[in-house]
Structure formats: structure tokens, C-alpha cells
Amino acid sequence: MAESRVLGLLVVTRDQPGVFYRVAEVIFRHGGNIEYIAGGSGRDQEAELQLEVSGTADEHELVPELEAVEGVTRVSLVPTFQRIFGKRVIVIGGGAQVGMVAQGAVSEADRHNIRGERISVDTIPLVGEDQLADAVRAVARLHRARVLVLAGALMGGDISNAVREIREAGIIVLCTNMAGSVPDAADLVVSDPVEAGVMAVMLVADTAKFSIEHVRGRRF
């Protein structure tokens, strides 16, 4: 059975209660499933909703019906975030090493993206066990996140617990060689931070023949 096409919609509305309820009701009547939603208040008492919807039979009927919803001012078809930014590689940890991991990841992603892939790289330098553990757990909630690289000199405690949790949620976790218990909790340990970024991208690229199953538990 063919995979359902995902439709990207940008819905501009008045910033008032009940508008999203009415928008969702129209999508439901068209047999659509809202797979992703992001939005917030804009200027001049307007709000924007970015929706990704699957299962709708006819977008040419859906869009006019959405435009007719009370409170909706404009509806546009837009590319989905998967099409534009694709899979996300997340890099978290100490500032200098985060930069080196990102360097490797960006250069490798560029090599695959010019061949038709879509892989993006997100980074945040952080210190402190609580802050790092919260950030690691949040990766499992990030739209399109596929792999996390932890870069630093010392990580353990609750960070290791968080790593195990997101691995169970399907996120691949790499880390640089460091003190603490995180290397024992991660899927893969890569000593060189630039190479860690390269390998993270290779593990999620469809244009690379490299699987975590071939290297899980190893140290490089």
C-alpha cells in the first residue's frame, strides 16, 4: 500500500479561542490526520498555524473550506518541514566540542544533501547535569529528530538515565569519549568529535550504507 502523502498547510487566523477547533473539524471531515502542528501569536492579533496533514483526498476542496472557517484569514499550501529540513541531528554539550561535532555533521550532511537527502543539524552548548538531562529527554519530543550526539569531558548520573530513555524511544545516541557513565549508556562512542558528527549523519542518511546495528556498542 502506498504511503499517504503529507500536506503542508500554513493557516493564518485571528488570535481568538475556538479557531483551531473549527480548523481541526474541517480536516477531520476530509478524512485527514494532523501529524504535526506548530504555531503561535503573530502581529496585529493574528496567529499562524503550520499543519502537516495526511490522508486528505482532495487538497483543492480542503483549502477553500478552511478559508471559509470563521476566524481564518488565509490558507496557503507550503512544503512540509520534512521536505525542507528533513531528519535532524542534535548536538548537545560543551561549547568547543559541540562546534567540532557540528563541523563534521554539517560537512557530511552537505555531501548527502546535494545528492537529494535532507538532513539538518541543531546545536546547543550546555553544562550541568540537570540541564543536560532535560535537554536529552527533550530530543525524543523534537519533530524529526533522529540522532543525538553528546559532546563533552564528563557526563553521567541522570544524563545516562535520559540517554537510555530516548534510545528506547528510537533515538540513536552517540557520544564523544569522556569520563562518566554516558559512554556506557550510548549506542556508540567516537573519540574524535569531528568524526562523531560525520558518523551521526551517516547513520541516518538514506544515501549512506551504514547502520547502527553494525557498530552499536563499539568505541572508535
Next item on the list: Would you point out the residue of the stretch 1-60, among those that are of a type in the set (Ser, Thr, Tyr) and assigned to a strand (DSSP E or B), that is farthest from the chain's Cα centre (by Cα)?
Entry: Thr13
Next item on the list: Of all residues in the stretch 178-200, count the ones that are closer than 14 Å to Ile92 by Cα and not aliphatic (A, V, I, L, M).
Entry: 2
Check: Is it the case that Leu154 is over 17 Å from Gly99 (Cβ atoms), modelled with pLDDT under 95 and assigned by TED's automatic domain parsing to the domain that holds Met178?
Finding: yes
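Give me the residue from the stretch 116-138 that is of a type outside the set (A, V, I, L, M) and under 24 Å from Ala205 (Cα atoms) and, out of that set, surrounded by the most Cβ atoms within 10 Å (Cβ to Cβ). Don't jump to the end; show me each part of the working.
Going residue by residue through the stretch 116-138, those that are of a type outside the set (A, V, I, L, M) are 116-118, 120, 122-123, 125, 128-131, 134, 137.
Next, only the ones that are under 24 Å from Ala205 (Cα atoms) stay: 116-118, 120, 122-123, 137.
Values: Gly116: 8, Glu117: 18, Arg118: 18, Ser120: 17, Asp122: 16, Thr123: 20, Arg137: 17.
Among residues in the stretch 116-138 that are of a type outside the set (A, V, I, L, M) and under 24 Å from Ala205 (Cα atoms), the one surrounded by the most Cβ atoms within 10 Å (Cβ to Cβ) is Thr123.
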Note to self: Whether any residue in the stretch 133-143 is of a type outside the set (Phe, Trp, Tyr), closer than 15 Å to Gly94 by Cβ and not in a helix (DSSP H, G or I) is what I want to check.
What the structure shows: no
Next item on the list: Being assigned to a helix (DSSP H, G or I), among the aliphatic types (A, V, I, L, M) and under 16 Å from Ala105 (Cβ atoms) is the filter here, so list the residues in the stretch 165-211 that pass it.
Entry: Val194, Ala196, Val198, Met199, Ala200, Val201, Met202, Leu203, Val204
Checklist line | Residue ID - nearest to the chain's Cα centre (by Cα), chosen from residues in the stretch 61-81 that are within 29 Å of Val147 (Cα to Cα) and crowded, with 17+ Cβ neighbours inside 10 Å | finding: Phe81
Next item on the list: Could you figure out which of (1) in contact with a helix residue (DSSP H, G or I) (Cβ under 8 Å, 6 or more places away or on another chain); (2) assigned to a loop (DSSP other than H, G, I, E, B) isn't true of Gly116?
Entry: (1)
Next item on the list: Of the numbered conditions (1) of a type outside the set (Asp, Glu); (2) in the same structural domain as Glu165 (by TED's automatic domain parsing); (3) in contact (Cβ under 8 Å) with a residue 60 or more places away in the chain; (4) under 25 Å from Arg5 (Cβ atoms), Asn113 fails exactly one; give the number of that condition.
Entry: (3)
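The values are calculated or read from the model by the stated rules, or taken from the named source; none is laboratory data. It should be emphasised that the depicted structure is a prediction, and the values quoted were computed from it without experimental measurement. Positions of Cβ are backbone-derived with ideal geometry, glycine not excepted, and every protein chain shown enters the neighbour counts.
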